[in-house]
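The structure appears right after this line, and notes come after that.
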Amino acid sequence: LDYVFASESVAIDTLGFHLERDIQPGEAIFVDMNTGSFHSRIVHPNPQLSPCIFEYVYFARPDSIMDGISVYETRLKMGEKLADAIVRKYTKDHDIDVVIPIPDTSRTSALQAAYRLERPFREGFIKNRYIARTFIMPGQATRKKSVRLKLNTIKSEFAGRNV
């Protein structure tokens, strides 16, 4: 018998396994490598679910489900909340001309915000696929340089527009 344990459902899906359940806060899974059996138990005296928002905003794939929550649906809701906050602060007469995402993970939220704000959605940043994740690079100077190499603008999408 084979088992897969992963923080995102997509890892389980792509390997052809079926998601049985989420591992609970404070839970440890013990697998007997000789028999293939496993058991689990709560090993923390006061377990609490503490999801990392960064997983939902940036790191996780949109087709993942984590802790029973769709990453895609979460990003749609983030776009709605952003649009609602803009309308609350600036009223319906805000001066936003277009909504442009930062590739790739903000695309879902930006699309929903554009829809809610009744503004066009445009691609304005092009990502260089050969540059690694910039937020994990050591030092701010290295991150800044990498971001400059990673993203380039389509200047015509920004010219004369409030983005």
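Bear in mind these aren't lab numbers, they're just calculated from the coordinates by the rules spelled out. These figures come from a predicted structure and were not determined experimentally. Cβ placement follows ideal geometry from the backbone for every residue including glycine, while neighbour counts extend to all protein chains displayed.
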Check: Cα centroids of segment 1-35 and segment 67-141: how far apart, whole angstrom?
Finding: 32 Å
Check: Could you give P(r) for the chain, binned at 5 Å from zero, as whole percent values over all Cα-Cα pairs?
Finding: 1, 7, 12, 13, 15, 14, 12, 9, 7, 5, 3, 1, 0, 0
Check: If contacts are Cα pairs under 8 angstrom and at least 6 residues apart, what is the relative contact order of the chain in percent?
Finding: 16 percent
Note to self: Under 29 Å between alpha carbons, and skipping anything fewer than 8 positions from LYS144 in its own chain: which lysines qualify?
What the structure shows: LYS81, LYS127, LYS155
Next item on the list: Mind jotting down the three principal axis lengths of segment 9-50 based on Cα atoms? Whole angstrom, largest first.
Entry: 34, 29, 11
Margin query: Suppose every Lys and Arg Cβ carries +1 and every Asp and Glu Cβ carries -1, with no other charges. What dipole size does the chain come out with about its Cα centre, to the nearest 20 debye?
Written below: 1120 debye
